[in-house]
1. Run through the range 17-90 and list the trypsin sites (Lys or Arg not before Pro) located in a DSSP loop whose Cβ has at most 16 other Cβ atoms within 10 Å.
2. Once you've got the Cα coordinates, tell me which of 60/100; 6/70; 20/60; 42/73; 6/89; 60/87 are over 21 Å apart.
3. For every other residue with a beta carbon closer than 11 angstrom to the beta carbon of residue 36, add +1 if it is Lys or Arg and -1 if Asp or Glu, then tell me the sum.
4. Rounded to the nearest 0.05, what FRET efficiency is calculated for residue 46 and residue 107 with R0 set to 22 Å and r the Cβ-Cβ distance?
5. If neighbour count is taken as other Cβ atoms inside 10 Å, put 15, 30, 95 in order from fewest to most.
6. Obtain the nm distance between the two label points defined at residue 18 and residue 71 by a simple spin-label model: each point lies 7 Å from its Cα along the Cα-to-C-beta direction.
7. If the chain between residue 88 and residue 5 were fully stretched, how many nm would it gain, using 0.36 nm times the residue separation less the Cα-Cα distance?
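Please treat every number below as a calculation from the coordinates, not as lab data. Because the structure is predicted, anything quoted here is derived from the model rather than measured. Because the Cβ atoms are built from the backbone with ideal geometry, glycine has one as well, and the counts that use them run over all protein chains shown.
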Amino acid sequence: MSGVNKVILIGHLGTDPEVKFTPNGTAIATFNLATSERRKDKDGNFIDHTEWHRIVAFGKVAQNCGQYLKKGKQVYIEGSISSRQYKDKEGQNRTIFEIKASQVLFLGKANSGTSNEEQLEEPEPSEKDDDIPF
């Protein structure tokens, strides 16, 4: 039986997305997302706990993230957990865990954001696309 690697997050952007392009022109957007939950401590008092997630998006989704998302914006992210290794400045091996976003939806308001929900997912090709002459 094969495994499942699926993540669903709803949170607020901690940074504006940073968009870079590969040599072949593919967009890659990275940003941090904060998810928070309220918990009770041992004395019964409510405390807020925040987790930070590194989000990576590719292609059209990445371009839309760079164009429309800003720090503080609330979003829905769907994707998978991915890890990669690199060497830091001191030559030490490091591992970073990221969420590869396959779907990004705008939610609610954030500062000067809009309340309209906007979907940032690359649309499936339709039969009508074949009829476009360019």
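1. Sites meeting the loop and neighbour criteria: 42, 70, 71, 89.
2. 6/70; 42/73; 6/89; 60/87
3. -1
4. Between residue 46 and residue 107 the formula returns 0.40.
5. 95, 15, 30
6. Here the answer is 1.3 nm between the modelled labels.
7. 27.1 nm
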